[in-house]
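Any read-out appearing in this document is the output of simple, stated calculations on the displayed coordinates, not a laboratory observation. Predicted, not measured: the structure shown is a model, and the values here were computed from it. All Cβ positions, glycine included, derive from the backbone under ideal geometry; neighbour counts span all protein chains shown.
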């Protein structure tokens with residue numbers, strides 16, 4: 001029989017509303033697994049997960065999808081945009097369950113907030129990497145989530161563009177949104193209010209940042 005590998009090992013974590021958390025650690029330490037569990041993309045094998053006092057690890061698939069859409073916004077290293085779809089329609093996607101005429105206004109507002117009001121009709125292959133990540137951030141923001149989960153959001157960007165994206169996250173956090181970011185880049189840690197270091201599925205350091 002093969003050896004059982006535990007991505008997370010008896011990990012316990014509490015995140016306060018309005019924090020900006022950076023999670024660091026070597027490849028394979030469990031960072032992305034933790035982020036996927038936080039975002040209800042993966043289900044833990046044991047333990048409990050609660051948000052605002054509500055247990056969410058035992059929700060049905062339908063309940064998880066609805067809760068995920070209402071509470072979280074996701075930003076990924078690879079952008080995860082629909083390639084044949086305009087920036088406008090990529091951002092519109094999370095609003096497909098929302099009724100009313102406010103959807104158009106909301107999409108235009110969030111694209112303007114990330115500096116892309118002039119690229120509504122552009123497809124991903126017509127945008128730079130930084131612009132694609134801005135579209136992804138706008139898509140994450142359009143439902144006004146309580147929590148943004150970002151997995152290596154600057155990993156595919158040059159240094160200058162990466163810092164511009166981090167300034168966007170700083171502004172998102174400033175207005176009260178909780179941000180949890182996985183990163184390999186130690187130079188980005190000063191943006192966070194709290195840094196969590198992981199190794200072998202465990203938290204080995206948890207410290208506040210003096211911002």
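Observations, loosely collected:
- Of the beta bridges in segment 86-211, as assigned by DSSP with both residues counted there, near 55 percent are antiparallel.
- Per-residue extension of 0.36 nm, minus the Cα-Cα distance of residue 207 and residue 27, leaves a gain of 62.7 nm for this segment.
- log10 of Debye I(q)/I(0), alpha-carbon scatterers only, for segment 170-211 at 0.29 Å⁻¹: -1.19
- Each peptide in 65-71, 192-198, 41-47 was scored by the mean count of other Cβ atoms within 10 Å over its residues; highest first, the order is 192-198, 65-71, 41-47.
- Counting only DSSP beta bridges with both residues in the chain, the antiparallel share comes to about 30 percent.
- Taking other C-beta atoms within 10 angstrom as a stand-in for reagent exposure, 181, 166 fall in the order 166, 181, fewest first.
- Folded to 0 to 90 degrees: helix 159-174 orientation relative to the chain principal axis, Cα: 80 degrees
- With both labels modelled 7 Å from their Cα along Cα-to-Cβ, the residue 42 to residue 120 distance reads 3.9 nm.
- Label point 7 Å beyond Cα of residue 102 along Cβ direction - residues of segment 135-166 with amide nitrogen under 15 Å: 142-146
- Note that the chain shows a convex hull volume over its alpha carbon atoms of 146 Å³ per residue.
- Between 0 and 90 degrees, the angle of helix 61-71 with respect to the longest Cα principal axis of the chain falls at about 70 degrees.
- Cα-based convex hull volume of segment 98-211 per residue, rounded to whole Å³: 132 Å³
- Label-to-label distance, nm, for residues given as residue 185 and residue 93 (7 Å Cα→Cβ offset): 2.3 nm
- Nearest-ten-degree value, helix 129-141 long axis tilted from longest Cα axis of the chain: 80 degrees
- For the chain, the mean residue ellipticity at 222 nm estimated from helices alone is -9500 deg cm²/dmol, where every DSSP H run of n ≥ 4 contributes -39500 (n - 2.57) and the total is divided by all residues, rounded to the nearest 500.
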